[in-house]
Amino acid sequence: MFSLKTLSHRMPSALSLALVSVVGIGLSACSEEKAEVKEVIRPVKVVEIARAGDTRKLDYSGSVKARTEMNLGFRVAGKITERLVDIGDRVTSGDTLARIDATDYQLAVKTAEANLAAAERGVETADLANKRAEQLFDKSVAPKSQLEQAALSHDQAISQRDAALSALDQAKNQVSYTELKAGQNGIVTAINADIGQVIGSGTPVVTVAVDGEKEVQIAVPENDIAEFKPGKTVKASFWADDKLVLDGKVREVSGSADQQSRTFAVRVSLPNDPRVLLGMTATIEADISNGNSYVSIPLSALAEKDGMKMVWTVDRDTATVHGRDIKVADFTGDGVHVTEGLDTGDLVVAAGTQFMSENLKVKVPDQQSALAATDQAVR
């Protein structure tokens, strides 16, 4: 057994040993934490800026239409009694498309025929009177004034007969107008009035797209309309057949903008091709000179600092990112057009810009997997 004195002499040494052990453990833990702290290298997705081209592309969507569409209507008013065609029917010149009630017009023909018969009888009577006046004048029985009056009455009767004949022809024309006929070969694209409807003269009833040249109508905004001149060659592609690409020409450019959309209507003529059908969706693509050298970057690459547009570029040598101010031209469906701040070959962080900071170490993907940013067309 130890004495109290011996224990008292040994206690300081034990405490010292314990404290040294605790300090040693703490230092060991700190050294382990420091050993575990490593530099964070964040992998990033980048795009490489390619050389801006000398041209850019404009493309607009539209639909295929016939160059000539006829809105056909009756030349007389009446109630529609028959409609002989439907949408999609093919018609040839002279085909009857619809009819209106012709009863009143047929009665007008009978009235005109009766008036013509009466006028012919009047001519016969005036002719007899004229001949009688000539005989009496030759025998010096009747004065010359009576002869002249008979001749005038005869001429008046002839004029009345001619007027009655013209009225009969007009009445017959009115009857023929009760049938709506196709003027040219084509296909019915719309029905605007139906059986039982009372319509006025000239009211559109049937729309016929005339066979022949087809074209695409597109709407072009005012900032690009100067690039579309009549005769300009463009490319036409079709959603229904991606292998079908035709050369078209601008035929007509609207002289004023639409009041609502503020766009200009442009019609592009297409070559005759049986694969092109009315109503197909078409895309018109035009090459224009690139007056400003645009490069395009993804919208996700765009960042903002202190109200200024910027991107994060990657230094190839140090694998670090640096902020760079840019000048944005416009936004498109494909991304952002940039006019200043980026050079050919620059690597731009394409995603995760919110995690970037100046001089942050990053891991750049292989050159083969990097995306190339090229100058894209203004959409």
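The values are calculated or read from the model by the stated rules, or taken from the named source; none is laboratory data. As the structure is a prediction and not an experimental result, all values here were calculated from the model. When we count neighbours, we look across all protein chains shown, and the Cβ atoms used for this are built from the backbone with ideal geometry, even at glycine. These area figures cover heavy atoms from the full protein model, side chains too; ligands, DNA and RNA do not enter into them. Shrake-Rupley method; radii C 1.70, N 1.55, O 1.52, S 1.80 Å.
A dipole drawn for the range 246-300 from +1 and -1 charges on Cβ atoms has a positive end, and of S256, V295, V276 the residue lying farthest that way is S256. When H322, H337 are compared by accessible area at a 1.4 angstrom probe, the order from most to least is H322, H337. Of the listed residues K45, K139, the order by accessible area with a 1.4 Å probe, largest first, is K139, K45. When +1 charges are put on Lys and Arg Cβ atoms and -1 charges on Asp and Glu Cβ atoms, the dipole computed for the range 179-321 relative to its Cα centre reaches about 160 debye.
Under the rule a/c < 1.5 gives rounded, and otherwise a/b versus b/c splits prolate from oblate, where does the range 47-120 land using the Cα gyration tensor? Prolate.
Applying the criteria of a DSSP loop state and at most 12 other Cβ atoms within 10 Å to the GluC sites (Glu not before Pro) of the range 259-361 yields E358.
Say the cut-off is 30 Å between C-alpha atoms; which of K57/K305; K79/K110; K309/K361; K181/K232; K309/K363; K110/K144 go over it? Beyond 30 Å between Cα atoms: K57/K305; K181/K232; K110/K144. A compact globular protein would have a Cα radius of gyration near 2.2 N^0.38 Å; the ratio found for the range 48-199 is 2.06. Protein heavy-atom accessible surface, 1.4 Å probe, per residue over the range 137-293: 58 Å².
Can you tell me how the range 202-350 classifies by the Cα gyration tensor, rounded, prolate or oblate, using a/c under 1.5 as the rounded cut? Prolate, since a/c reaches 1.5 and a/b exceeds b/c.
For T263, T92, the ranking by accessible surface with the largest value first comes to T92, T263, using a 1.4 Å probe. All Cα-Cα distances of the range 192-277, cut into 5 Å bins from zero to the largest, leave 3, 12, 18, 15, 14, 15, 11, 7, 4, 1 percent in each bin in turn.
To the nearest 10, the accessible area of M70 is 30 Å² with a 1.4 Å probe. Overall shape: prolate for the range 267-358, with the ratio a/c of the largest to smallest alpha carbon gyration tensor axis at 1.5 or above and a/b above b/c. Take F355: with every protein chain present and a 1.4 Å probe, its accessible area is about 120 Å². Quick one: check the C-alpha center-to-center distance for the range 148-218 versus the range 238-276, whole angstrom. Between the Cα centres of the range 148-218 and the range 238-276 lies a distance of 34 Å. I'd like the distance separating the alpha-carbon centroids of the range 55-108 and the range 279-356, in whole Å. With the range 55-108 and the range 279-356 each reduced to a Cα centre, they are spaced 52 Å. Considering only I195, Q217, Q184, the residue lying farthest towards the positive end of the dipole of the range 165-237 is Q184, judged by Cα position with unit charges set on Cβ. Ratio of Rg to Rh for the range 88-131: 1.42 [Cα atoms; Kirkwood radius as inverse mean 1/r over pairs].
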